[in-house]
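> Below is a structure I'd like to ask you about.
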Amino acid sequence: MYQRILVPLDGSATSKQGLDEAIRLAAKTHGRLRLVHVVNSQSMAMAMGLAAGPVGDCFEVLARNGRQILDDGQAAAAAAGVEAETLLHDGASNPVPELIAADAGRWPADLIVIGTHGRRGVERFVGGSCAEYLLRCTPVPVLLVRAPADGDAHAHRHAH
């Protein structure tokens, strides 16, 4: 059974769906969670495009937002009676999937649960796929929780 479940969170509705599934799974298996958020050069570049402040201020805002995302996830787990620890990678320069895979190995995780948009075609090619990259670089089983299509009441779950 999966006792140690690593859950990457980015604050999106999709990552929240992944967290909800991880909480349900951990509650059933009496497992625990490790919630991970990454503030890296890519998130800094995206934020700098939106903000006109100094780089240090932007980084502080991103780190503070990351901490809030983790705190909210930890509170959701606690409300369901599930133990969750948090890890904030701030200022990381490695690609997010590589950091997640390394964390999964060091902790060590039995399972990674990640929300995914399930993009296809050109949208996937242009936007990339963190989940797909993660599947390639970790030996830990990964449960993908796909965002529902518009009008679909339930998320589609795919274990790889």
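Values quoted throughout were computed directly from the atomic coordinates according to the rules given, and no laboratory measurement underlies them. All figures in this text were calculated on a predicted structure; none of them were measured in a lab. Here the Cβ is made from the backbone with ideal geometry for all residues, glycine too, and neighbour counts use every protein chain on show.
> If I model a spin label at Asn94 and Lys28 as a point 7 Å from the Cα along the Cα→Cβ vector, what separation in nanometres do I get?
So the label points at Asn94 and Lys28 sit 3.1 nm apart.
> Within a Cβ distance under 12 Å of Leu70, other residues only, what is the Lys/Arg minus Asp/Glu net charge? Kindly include the intermediate steps, with their values, before the conclusion.
Numbers: positive: Arg34, Arg64, Arg67; negative: Asp10, Asp71, Asp72, Glu85, Asp90.
Surrounding charge for Leu70 is -2.
> I want the local charge near Ala109. Using Cβ-Cβ distances under 11 Å, sum +1 for each Lys or Arg and -1 for each Asp or Glu among the other residues.
On the way: positive: Arg4, Arg32, Arg34, Arg106; negative: Asp103, Asp110.
That sum, taken over residues with Cβ under 11 Å, equals +2.
> Can you list residues whose amide H is under 5 Å from Asp10's amide H, if they're 5+ apart or on another chain and H is modeled 1.01 Å from N?
Ser15
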